[in-house]
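K.L.:
Starting off with a structure, shown below.
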Amino acid sequence: MIDIFTYSFMIRALLAGVAIGIVAPLIGTFLVAKRYALIADSLAHVSLAGVAIGVVLGLNPLLGALVVTIAAAFVIEKLREGRRVTAEVALAMFLSSGLAVAVVLIGLVHRVNVDLLSYLFGSITTVTTSDLWIILSLAVVILATIGVLYKQLAYTAFDEEQARAGGLRTKLLNQVLILLAAVTVVVSLRIVGGLLIGALTVLPVAAASQVAKSFRQTVVYAVGCGLAAVLIGLFTSYYLNLAAGGAIVLSALLLFVIAFVTSRIPTQR
Amino acid sequence: MQQPIIQFQDVSFAYQREAVLARVNLAIAAGEYVGVIGPNGGGKTTLIKLLLGLLAPQQGRVLVWGEEVQTFRSRHKIGYVPQRAGSSDFRLPVTVGEIVGFGALGVPAAEQSVAQALAYVDMAHLASRPLAELSGGQQQKVFIAKALASQPEVLVLDEPTVGVDVRAQDEFYQLIADLNKTKGLTIIMVSHDIDVVVNEVSKLVCINEELVYHGRPKDFIEKDYLAKLYGKTRRFILHGH
């Protein structure tokens, strides 16, 4: 069991995984409360275009993903605010266009040896030390921002109109939340992969909401569930030679099923 | 009339090209209990949204305590209970205490303010209960507590009794009257329930794109403004309280 810790790539993957297991469901809780759960999926697909741009320009692909995903996040929010297109349409547009840009760019520069599959589905062997530093630094920024703005973000997520009537700067808070979602996507890209990040932001929240009684409990349970899913997924992927991203998301799904079933078992009085 | 705390000066508003409010002039003084009535689509909710700064007038000015509402910083002075607050459909669990706590954001001694607001509506014992487990009437009280937690001077309610059963409605109107009389809150209540409103409020505002009537409920009934507003005759039952 302990031999997993003798490999430095596994230690990097575990550290990155712990960061992802905390921040993805944390952000996911606010997105679900805001009925905006699908944005993580759309941004994840856009981040793949950023990876491709990073590769083409010879930059760290994660930095390329960070810049492009943040830019796309603001454009999506602008479209949503302007109401010229509905939120679902904006998300669908970016979801498919992001992947299209990635595929075309990688095809154009086929001389570059890039393992796009590892960004699509995640890979525990590809987390470099510089990736790990980027992931941990961004995770700290996300946690600190949520720590400071927890109540304001929660109020805006639950009822934007009332929050605005109460004097909160909801436009700015929405931009902060979407920025955090973009950063979370990039943080998760290496381990979970662009096609599976959406599930890690939503499934732990769905599991937590089956058993939680308050919003605060939902946040805590979702983070616990996300952490458990990442750790179970990473260990099983190591010992059973499975794709890490898929194993993590399936673990989250299993935890949701357990929460769903146990919450429906009548308690004895 | 004392110095008004809320003023609509020649306010017009249209959604795209469809005019909803046209040249509305209105003044509300501190301590008044104002009922806002009018037909569906007549501009009641738009009036409230302009008052809350959620919409900006295309023409005219909305002033609160003498300042333009759009730039007014002490928004906590206006508490707001929105339409259908008593049938909330939140995606995630949230407790009574958490909802009321949102109202106290930025208020000094927020915890104390939440506790007092919950006690006022007799819901302190339910602070840790999930909101979804409460009835429509109880949820409505929670949203009043949330509005009170911001320590407001004005309470704005938009169709507050929709989805609330008749018994809870009576209790609700008593609570609002008490807030007006004992706490001195200025109340502005939009309602479709004209019979109840004319019996409860001290001043009536009737909106049908334009300001049709602004004055005492008694004069409204005697001068048969209802026919002007709805184009039909109607009888009122005055309860005399």
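K.L.:
Spin-label point model (7 Å from Cα, Cβ direction): what's the residue B:166 to residue A:265 distance in nm?
P.N.:
4.6 nm
K.L.:
Report the FRET efficiency, 1/(1 + (r/R0)^6), for residue A:257 and residue B:192, where r is their Cβ-Cβ distance and R0 is 56 Å, rounded to 0.05.
P.N.:
Efficiency at R0 = 56 Å is approximately 0.80.
K.L.:
Something else about it: In nm, what is the difference between 0.36 nm times the number of residues separating residue B:174 and residue B:23 and their Cα-Cα distance?
P.N.:
Contour length minus Cα-Cα distance gives 51.0 nm.
K.L.:
Between the chain alone and the structure with every protein chain in place, find the residues of region A:213-240 that drop at least 50 Å² of accessible area; heavy atoms, 1.4 Å probe.
P.N.:
When all protein chains are present, A:213 each give up 50 Å² or more of accessible surface.
K.L.:
I need the shape label for region B:65-216. Rule: rounded when a/c is under 1.5, else prolate if a/b > b/c, else oblate, with a, b, c from the alpha carbon gyration tensor.
P.N.:
It comes out oblate by the Cα gyration axes.
K.L.:
Another question, if that's okay. Place a label point 7 angstrom from the Cα of residue A:100 along the Cα-to-Cβ direction, then list the residues of region A:31-73 whose backbone nitrogen is under 15 Å away.
P.N.:
Residues A:45-46, A:49 qualify, since their backbone N sits under 15 Å from the label point.
K.L.:
So between residue A:242 and residue A:15, what do we pick up on full extension, going 0.36 nm a residue minus the alpha carbon distance?
P.N.:
79.8 nm
K.L.:
Same structure, new question: Who wins for biggest fluctuation among A:66, A:105, A:189 in a Gaussian network model of chain A, springs between alpha carbons below 10 Å?
P.N.:
Checking each option, the largest mean-square fluctuation is seen for A:105.
K.L.:
Filter the GluC sites (Glu not before Pro) in region A:1-110 to those in DSSP coil with at most 12 other Cβ atoms within 10 Å of their Cβ, and list the result.
P.N.:
none
K.L.:
In region A:147-191, which residues become less accessible by 50 Å² or more once every protein chain is in place, relative to the chain on its own, using a 1.4 Å probe?
P.N.:
When all protein chains are present, A:155, A:158, A:161, A:162, A:164, A:165 each give up 50 Å² or more of accessible surface.
K.L.:
Let me ask something additional. Please report, ordered by residue number, every helix of chain B (full DSSP H runs) that is 24 Å or longer along its axis going by C-alpha atoms and whose mean Kyte-Doolittle hydropathy reaches 0.5.
P.N.:
none
K.L.:
Okay, next question. Could you list log10 I(q)/I(0) for region A:2-261 at q = 0.13, 0.15, 0.16 Å⁻¹, which the Debye formula gives when each Cα is one point scatterer?
P.N.:
For region A:2-261 at q = 0.13, 0.15, 0.16 Å⁻¹, log10 I(q)/I(0) is -0.78, -1.03, -1.16.
K.L.:
Calculate one ³J(HN,Hα) per residue across region B:185-192 by plugging θ = phi - 60° into the Karplus curve 6.51 cos²θ - 1.76 cosθ + 1.60, and present them in order as whole Hz with x for glycine and proline.
P.N.:
Karplus-based 3J(HN,Hα) across region B:185-192 equals 5, 7, 10, 10, 10, 7, 8, 8 Hz.
K.L.:
If you take the accessible area of B alone plus A alone and subtract the pair, what total do you get in square angstrom, rounded to 100, with a 1.4 Å probe?
P.N.:
Summing both chains' loss of accessible area gives about 2100 Å².
K.L.:
With a Förster radius of 60 Å, plug the Cβ-Cβ distance of residue A:129 and residue B:67 into 1/(1 + (r/R0)^6) and report the FRET value to the nearest 0.05.
P.N.:
The formula returns an efficiency of 0.60 here.
K.L.:
For region A:2-261, what is the accessible area per residue in Å² when the probe is 1.4 Å?
P.N.:
For region A:2-261, the solvent-accessible area averages 41 Å² per residue.
K.L.:
Please say if the protein assembly as shown is rounded, prolate or oblate, where rounded means a/c under 1.5 for a ≥ b ≥ c the square roots of the C-alpha gyration tensor eigenvalues, and otherwise the choice is prolate for a/b larger than b/c and oblate otherwise?
P.N.:
prolate
K.L.:
Run the helix sum for chain B: -39,500 (n - 2.57) per DSSP H stretch of 4+ residues, divided by residue count, reported at 222 nm to the nearest 500 deg cm²/dmol.
P.N.:
Value at 222 nm, helices only: -9000 deg cm²/dmol.
K.L.:
Hey, another quick one. Averaged per residue, what accessible surface does chain B expose to a 1.4 Å probe, in Å²?
P.N.:
Result: 46 Å² per residue.
K.L.:
I would also like to ask the following. If you keep only loop residues by DSSP, which trypsin sites (Lys or Arg not before Pro) in region A:74-135 have at most 11 other Cβ atoms within 10 Å of their Cβ?
P.N.:
Answer in residue order: A:83, A:84, A:111.
K.L.:
With charges set only on the Cβ (+1 for Lys and Arg, -1 for Asp and Glu), what does the dipole of the protein assembly as shown come to about its Cα centre, in debye to the nearest 20?
P.N.:
Here the protein assembly as shown has a charge dipole of around 200 debye.
K.L.:
Measure off, as a whole percent, the carbon and sulfur share of the 1.4 Å-probe accessible area of region A:2-261, all protein chains present.
P.N.:
Roughly 71 percent, rounded to a whole number.
The values are calculated or read from the model by the stated rules, or taken from the named source; none is laboratory data. None of the values given here were measured: they were computed from a predicted structure. Cβ sites come from the backbone with ideal geometry, for glycine too, and all protein chains shown count toward neighbours. Note: areas computed on protein heavy atoms with side chains; ligands, DNA, RNA excluded. Shrake-Rupley method; radii C 1.70, N 1.55, O 1.52, S 1.80 Å.
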